[in-house]
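Below is one structure, written out as structure tokens; comments come after it.
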Amino acid sequence: MAKLNWGMIGGGLGSQIGPAHRLGALADGHFTLAAGALDHRPDVGRDYAQSLGIAPDRAYGDWREMLMGERNRPDRCDLVTVATPNATHFDITKAFLEAGFHVLCEKPMTMTVEEGEEIVRIAARSGRICAVNYCYSAYPMIRQARAMVRAGDIGAVRLVVTNFSHGHHGDAADAENPRVRWRYDPAVAGVSGQFADCGIHALHMASFICDDQVETLSADFASTLPSRTLEDDAMVNFRLSRGTVGRLWTSSVAIGRQHGFDIQVFGETGGLRWASEQPNQLIYTPLGGRTQIIEKGESGLCDDAKRLSRVAIAHPEGFPLAVANIYCDLADAIRGTPRDGLPLAEAGLRSMAAVHSAVASARAKGAWVDARPPMFR
Ligand code: NAI
């Protein structure tokens, strides 16, 4: 099967998420890294792109230059990844979708709900795929959890509880470090800090496993360091459309918690538990029965869990291979086999609506608000 051409915007030398995309996209042989505008400094980006094997004429200094250079090539990129800082996602994603490219955009997909709705409309109109990198949903055991919920293994879901709380911004002496400070600066990060950064992964995961959508929420935001304008800690209560009760805690000052992303789903006849720091295990307790560890790689798993797993039982497959699973689903979708686990622009839009609703709720002392984007009400 011919490889697909892949281009990258952002994710330059020293970036946090760039290496995970390259490891992920190239892991299964679906894509070739053909083009890139990798850095906000044009020369640095061109040099780095060539060091990764990108041909000099496709090592661009700027994303607009890349759009002009790629759009009329016979071997143009099939897929473009947007891994730049948040405020640039909308313009880049919109421009590439309108030019007929498939796009994988980092989260958050946009800064406003209106922009999110526009991306959903453009993707529908253009017939191109716009995916959002909710990569945790692509861990094999998360696909297994969703399949078990769908199969009724825990009955109707009553309660979902999720945390994405780490302590990496808890050091007051490091608060002015530029790599930390921007995340709490509204001029750069937008209306929300920690909830928009990490909380939306947890909220997406709750919707994903429960196969349902967030309808209403109530939020309490706190900036625990006096120098911070935006929240570094949030507690969000929510309801899914079928009545499931949701609880979410996200924090960046929870010293001692490392990655700190976990989820528990409690149904009428059982419960499930998963933690990103032990991603190979899904913990299942049937009502009245013993707690079981369901292990990635064992027999009897759902098709997605089998399809998206590469190495034998008990060997770890970590974060870059979860990202690789997003690229596998994308490659299949581009080649004509849509995968229903792939997070699309609609999920990016729902997150943005939840972020803005949570901000409104927090300002109104936790009032319950509609969390749905206007176009889905
Ligand atoms: P970073 O600051 O470490 O790296 C950003 C990169 O983008 C740098 O190489 C920079 O030179 C480049 N860049 C900036 N503006 C550019 C432009 N106009 N054109 C081309 N390149 C440009 O940021 P980080 O942490 O890698 O985050 C990037 C995005 O990825 C953010 O939206 C973030 O929310 C998201 N992210 C997602 C994660 C996930 O789990 N899905 C995890 C970490 C980040």
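The values are calculated or read from the model by the stated rules, or taken from the named source; none is laboratory data. Note that the structure is a prediction, hence the values are computed from the model and not measured. Using ideal geometry, Cβ is built from the backbone for each residue, glycine included, and neighbour counts are taken over all protein chains shown. All accessible areas refer to the heavy atoms of the entire protein, side chains included, with ligands and DNA or RNA removed. Shrake-Rupley method; radii C 1.70, N 1.55, O 1.52, S 1.80 Å.
Observations, loosely collected:
- Scanning the stretch 85-94 for residues that are open to solvent by 20 Å² or more (accessible area, probe 1.4 Å) and within 11 Å of the ligand (Cβ to nearest atom) yields a total of 5.
- Any hit, the stretch 95-106, residues being open to solvent by less than 60 Å² (accessible area, probe 1.4 Å), in contact with a strand residue (DSSP E or B) (Cβ under 8 Å, 6 or more places away or on another chain) and part of a helix (DSSP H, G or I): yes
- Test: GLY300 is closer than 15 Å to ALA147 by Cβ and crowded, with 16+ Cβ neighbours inside 10 Å: no
- Only one of the numbered conditions (1) over 30 Å from ARG273 (Cα atoms); (2) open to solvent by 10 Å² or more (accessible area, probe 1.4 Å); (3) more than 13 Å from the ligand (Cβ to nearest atom); (4) assigned to a helix (DSSP H, G or I) is not met by GLN144, and that is (1).
- Inspection of the stretch 202-215 identifies no residue that is of a type outside the set (Ser, Thr, Tyr), surrounded by 20 or more Cβ atoms within 10 Å (Cβ to Cβ) and farther than 27 Å from GLY341 by Cβ.
- Residues located in the stretch 227-246, provided they are out of contact with any helix residue (DSSP H, G or I) (no Cβ under 9 Å at 6 or more places or on another chain) and open to solvent by 70 Å² or more (accessible area, probe 1.4 Å): MET235, ARG239
Results for (1) at negative phi; (2) of a type in the set (Ser, Thr, Tyr); (3) in contact (Cβ under 8 Å) with a residue 12 or more places away in the chain, shown as yes or no for each residue.
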position: LEU225; (1), (2), (3): yes, no, yes
position: GLY267; (1), (2), (3): yes, no, yes
position: LEU272; (1), (2), (3): yes, no, yes
position: GLY288; (1), (2), (3): no, no, no
position: THR291; (1), (2), (3): yes, yes, no
position: GLY318; (1), (2), (3): yes, no, yes
position: ALA324; (1), (2), (3): yes, no, yes
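- Residue in the stretch 148-165 that is over 18 Å from PHE238 (Cβ atoms), touching a residue at least 12 places away in the same chain (Cβ under 8 Å), out of contact with any His (no Cβ under 7 Å at 6 or more places or on another chain) and within 16 Å of the ligand (Cβ to nearest atom) present: no
- Boolean, ARG73 is under 21 Å from GLU346 (Cβ atoms), free of Cβ contacts under 8 Å to residues at least 24 places away in the same chain and open to solvent by 20 Å² or more (accessible area, probe 1.4 Å): no
- Some residue of the stretch 313-322 being under 30 Å from LEU97 (Cβ atoms), open to solvent by less than 30 Å² (accessible area, probe 1.4 Å) and outside the structural domain of GLY246 (by TED's automatic domain parsing): yes
- Residue within the stretch 206-218 that is within 20 Å of ILE283 (Cβ to Cβ) and not in a helix (DSSP H, G or I) present: yes
- Residue in the stretch 15-46 that is least open to solvent (accessible area, probe 1.4 Å), counting only those that are part of a loop (DSSP other than H, G, I, E, B) and within 13 Å of the ligand (Cβ to nearest atom): LEU38
- Only one entry of GLY267, GLY300, GLY271, GLY289 meets the criterion of being at pLDDT 95 or above and more than 27 Å from THR244 (Cα to Cα), and that entry is GLY300.
- Of all the criteria given as (1) near the ligand (Cβ under 9 Å from one of its atoms); (2) open to solvent by 30 Å² or more (accessible area, probe 1.4 Å), the one not satisfied by GLN50 is (1).
- Looking only at the stretch 108-122, and only at residues there that are crowded, with 22+ Cβ neighbours inside 10 Å and closer than 24 Å to ALA35 by Cβ, the one that is nearest to the ligand (Cβ to nearest atom): MET109
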